[in-house]
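Below is one structure, written out as structure tokens; the observations come after it.
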Amino acid sequence: MKKIYWIVLLMLVGALSSCGPKGFMIYSDDDYARLVEKEFERRKELAQNRADWLFGVMDDGLTMNEEQGLKFLYAFMPLNDLADYDGEFFLKQVRSSLAARDTFHWGATIPESEFRHFVLPYRINNENLDTSRQVFFEELKDRIKDLSMLDAALEVNHWCHEKVSYKGTDIRTSSPLATVKTAYGRCGEESTFTTAALRSVAIPARQVYTPRWAHSDDNHAWVEFWADGEWHYLGACEPGPVPDNGWFTEPARRAMLIHTKAFGAYQGDGRVGNREAQFSLLNTLEVYAQTKELFVKVVDKNNQVVDQADVEFQLYNYAEFYPISTKKTDENGFCSFLTGFGDLQVWAHNGDLFNYDKIAVAEVDTLILVLNQNPYTAKTDVYDLIPPIQRDPFVVSQEGKDLNSKRLKEEDAIRGAYEATFMSEERALEIAEEYELKGEDFVRLVKSSRGNYDEIAGFINKSPSQLRPLAMSLLDQVSLKDLRDTKKEILRDHLLGANAFINTDTYSNDIFKRYILNPRVATEMLLGYRDILRGEFTNEEVTALIMNPTGIIAWIKKNIQLDESENYYETPITPAGVYRLRIADELSIKIFTVAMLRTFGHPARLEPGTEYAQYMINGEWKSVHFSSVAEQSNDRGLFILKNNPANVLAPKYHIHFTIAQFKDGKYHTLHYDWDKPLSDFADGVELDEGYYMLVTGNRQPGGAVLHSQEFFELKKGQIITKVVSLRTNDQVKEVIATIDLNTNYQALDGKDISLQMTSDQEWQVIAWIDPDKEPTKHTFQDLPLLKKELEAINIPFTFVIPKDKLTDSFKNSEYIGLPKNHQFLVTNDLTLVESIEDQTKKKLISQLPVFVIANSKGEVIYLSSGYKIGIGEEIVKVVR
């Protein structure tokens, strides 16, 4: 008996030890375990074409938690990750997250749910994946291991600031390690990087974001983290002395939605806005803003409730009504949405029937929509759209501010020292001369590559001498971000793959470079694919595919399965991934089609506007449609847009207007380039016959929008011309404060300079700024966009930097593209701002940048404080 007793005891001890410290399990609930097992088996079936690559690691003698962790990740994994990564990668993610939990004293305090959904998942949003979890853990562990969990999270953010600062970039999200290599990123990249860093040391973290602001044409992302039983927030790479405070705290109080994504079947305590099979969207708006639960009831023309109707809560932003949340009605025809106190357009549809209404949330408790509308042949709506009000800023504690400011300067210096290691212009010129390249072009490419300079230089070095001019052309075709995070082996694959088609007389050199040589199709992760795709076909098949692009289309339609539900992170699958998995969402199939066509020497692209995959034949673009077997028809009309000369500014796409096409019960915005000038539409754009909507908007100071939307039908062969007229506000300029222009500030060279204007200037702009903070950085991205217009109105700019905001990283020479008449001054004296505060009863000093427009008497007619997009446009509108 005694022997049996010890055997049983040892078995129990072994079982408990396999669970980790204190019997920890990734999921201990039997029902949840059965759900994971069910979804895991479904994923195995879905990814059967990559079974060995993905699931072979399950046979490696895993511990119970390793097996649970791996099955959990697989069970809820989007298609792009099943296609583009392998089992070894995911197993390392599991082992690293468990090791981090065991390393830090707070690991044992983390509940199952928080660990499962906000530590274990390798993906934050739509970024490229990498080994950052392992790298960051090694860098951070000794630095934070003796801190409290809360202090450790704040210290991680200081480390992040040493590595990365804010700068706007394109919409593709680079991997955390690539962001570190570049030393800057937009807010989505900073928050992805910071969340990854926190998770690497077993601090539950999530990227939280407002998909669109109500008061400004933009969005923003930051980080929430869990410590000692509570969720807190912080600005990514913007460390402060305490949590739950950031420059975005005040804009967030005006938000209509703030949410985060929880990977997997979420069963935690957070408020679930949308629950899907693979993930949940948690609505965290209550943390930041005053909220209201808005109810919508959907009925048909007979007043019968409609179950499972789609209801979109649309917010005007970037000249479109963006669906910040989409709900399904229940069996009683109801759905609800927790939102802020601004205006929304609510759009319900079921099939092609729809209805909509513009509402002020504060005035509506339950909105009833009758699905009795069909696409309009002619109709116009005119709205004034009002965001939530701007409230007096919270009083921010100054505790720890001085020490934190000192640390920020030290961290800027650390980052600056790293940036100083990038290839110098002198070295780039030496390489250019050695390889007989045009020096200024190579210098430009190397500078753009930032910390990736060694890969770019290595690509040129490894390219055959006769192909180096072509290699330079390839580098000119890819995006700036591609220069910063693409390996030389990938670039080489595309160089050698495209070279075989360079000498054809069928296409111009420009067509060859843009649509054959260019490896970039959309926002997919850029990898090599030409060698892979060519290698899968016999020589005879390759010859046939080179000769006949329709053979490529037929092969794709036969072999690649369309699935629009499983790639739920909406991250495109790479062309090689689509080929291997043989199942993809529509956008990924389109990207794959373009890649296949280019691989075999056919010019191909995604058509601007519609994003149809297209290939060129006999000098014309031919579209391919993957929602049906047939190729896209040529039933098209011509749509022309003209400018109303009364418009103060020349309208731009996604700034002042957009075009949307009716499909499946709603209007979908067409994907033309951001900032595309209206003049590009003067000769017309070809559109499929159908129903369309032209949306225009003129955002006002304070955030309100003067909007209009016009519905119309375009028939085959028809030419329609519309005039874009931006509604205006004829409000008379009023003096809101007076300032003393005899106030002296210091130039950067130490000379005293007053704010007095010259006799030929009617107005001037004075801005008190914090150069290291994102709101100020946004203004310096906005102003160059309207340099010509601002110089035309002859308005000088004075940028005043408080001395405690002036860091070693500030270099006025880097502020390029500003209006010619500008100066940077420094001050210890914010008396003028305090005076404006007293006269306007607004709190301004804590809300930099503060912009004013004043005349020669010091009379202020315009005031803006804090975060804002489009400051240059507002200045032009006010002065003109």
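The values are calculated or read from the model by the stated rules, or taken from the named source; none is laboratory data. All values derive from a computational prediction rather than experimental measurement. Neighbour counts are summed over all protein chains in view; Cβ atoms, including those assigned to glycine, are modelled from backbone coordinates with ideal geometry. Just the protein is used for accessible areas: all its heavy atoms, side chains included, with ligands, DNA and RNA removed. Shrake-Rupley method; radii C 1.70, N 1.55, O 1.52, S 1.80 Å.
Rolling a 1.4 Å probe over the protein chains gives Asp384 an accessible area of about 80 Å². For region 762-823, what is the accessible area per residue in Å² when the probe is 1.4 Å? On a per-residue basis, 42 Å². Note on Glu88 and Asp749: the extension gain reaches 232.2 nm, defined as 0.36 nm multiplied by sequence separation minus the Cα-Cα distance.
Taking the convex hull of the alpha carbon positions in region 282-401 and averaging its projected area over all directions gives 10.1 nm². The modelled label-to-label distance for the pair Glu586/His671, using points 7 Å beyond Cα in the direction of Cβ, is 1.1 nm. Separation of region 654-672 from region 713-779 is 30 Å, based on Cα centroids. Entry note, the chain: the mean residue ellipticity at 222 nm calculated from DSSP H runs of n ≥ 4, each adding -39500 (n - 2.57), is -10000 deg cm²/dmol after division by the residues and rounding to the nearest 500. Where the accessible area of the chain is counted over protein heavy atoms with a 1.4 Å probe, how much of it, in %, is carbon and sulfur? It is 48 percent, rounded to a whole number. Residues in region 139-220 average 24 Å² of solvent-accessible surface per residue, probe 1.4 Å, ligands and nucleic acids excluded.
Here the simple spin-label model places points 7 Å from the Cα toward Cβ, and for Ala417 and Trp555 these points are separated by 5.3 nm. Enclosing the Cα atoms of region 464-503 in their convex hull gives a volume equal to 67 cubic angstrom per residue. Computed from the Kirkwood radius of its Cα pairs, the Stokes-Einstein diffusion coefficient for region 208-253 at 20 °C and 1.002 mPa s stands at 187 µm²/s.
If you take the Cα centroid of region 333-386 and the Cα centroid of region 563-617, the two points sit 34 Å apart. With 0.36 nm allotted per residue and the present C-alpha distance subtracted, the Ile845-Asp357 stretch has 171.7 nm of extension available. Average projection, convex hull of the Cα set of the chain: 42.0 square nanometres. The largest accessible area among Phe337, Phe137 belongs to the first residue in Phe137, Phe337, and the rest follow in falling order (1.4 Å probe, all chains).
Candidates Tyr32, Thr486, Ser200 compared by Cα position along the dipole of the chain: farthest toward the positive end lies Thr486, with charges placed on Cβ.
Working ranking of peptides 111-124, 661-674 by packing, defined as the average number of other Cβ atoms within 10 Å per residue, highest first, is 111-124, 661-674. The listed peptides 705-717, 165-177, ordered by packing as a protection proxy, come out as 165-177, 705-717 (highest mean of other Cβ atoms within 10 Å first).
Using a probe of 1.4 Å on the protein chains alone, the accessible area found for Trp763 is around 30 Å². Here the peptides 231-239, 57-65 are ranked by packing, the mean other Cβ count within 10 Å, and the order with the highest first is 231-239, 57-65.
When only the Cβ of Lys, Arg, Asp and Glu is charged (+1, +1, -1, -1), the dipole of the chain relative to its Cα centre reaches about 440 debye. Divide the volume of the convex hull around the Cα atoms of region 737-812 by the residue count and you get 129 Å³ per residue. Using only alpha carbons, region 195-312 has a radius of gyration to Kirkwood radius ratio (Rg to Rh) of 1.04. Which distance in Å, rounded to a whole number, links the C-alpha centroids of region 207-254 and region 122-172? Centre-to-centre (Cα) distance: 16 Å.
Kirkwood-type hydrodynamic radius, region 495-594: 14.6 Å, calculated from all non-identical alpha-carbon pairs.
Taking a ≥ b ≥ c as the square roots of the eigenvalues of the Cα gyration tensor of region 555-658, is the shape rounded (a/c under 1.5), prolate (a/b larger than b/c) or oblate? Prolate, since a/c reaches 1.5 and a/b exceeds b/c. Per residue, how much accessible surface does region 578-625 expose to a 1.4 Å probe? Answer in Å², no decimals. With all protein chains present, region 578-625 gives 26 Å² per residue.
The calculated P(r) of region 45-121, using every Cα pair and 10 Å bins from 0, goes 18, 51, 25, 6, 0 in percent. Kindly identify region 415-519 as rounded, prolate or oblate by the Cα gyration tensor criterion: order the square roots of the eigenvalues as a ≥ b ≥ c, call it rounded if a/c is under 1.5, otherwise compare a/b with b/c, prolate if a/b is larger, else oblate. Taking the square roots of the gyration eigenvalues as a ≥ b ≥ c, region 415-519 is prolate. Might you work out the accessible area of Val542 for me, using a 1.4 Å probe with all protein chains in place, and round it to the nearest 10 Å²? Rounded to the nearest 10, the figure is 30 Å². Projected over every direction and averaged, the convex hull enclosing the alpha-carbon atoms of region 91-187 yields 6.4 nm². Computed across region 832-875, the Kirkwood hydrodynamic radius from all distinct Cα-Cα pairs reaches 11.1 Å.
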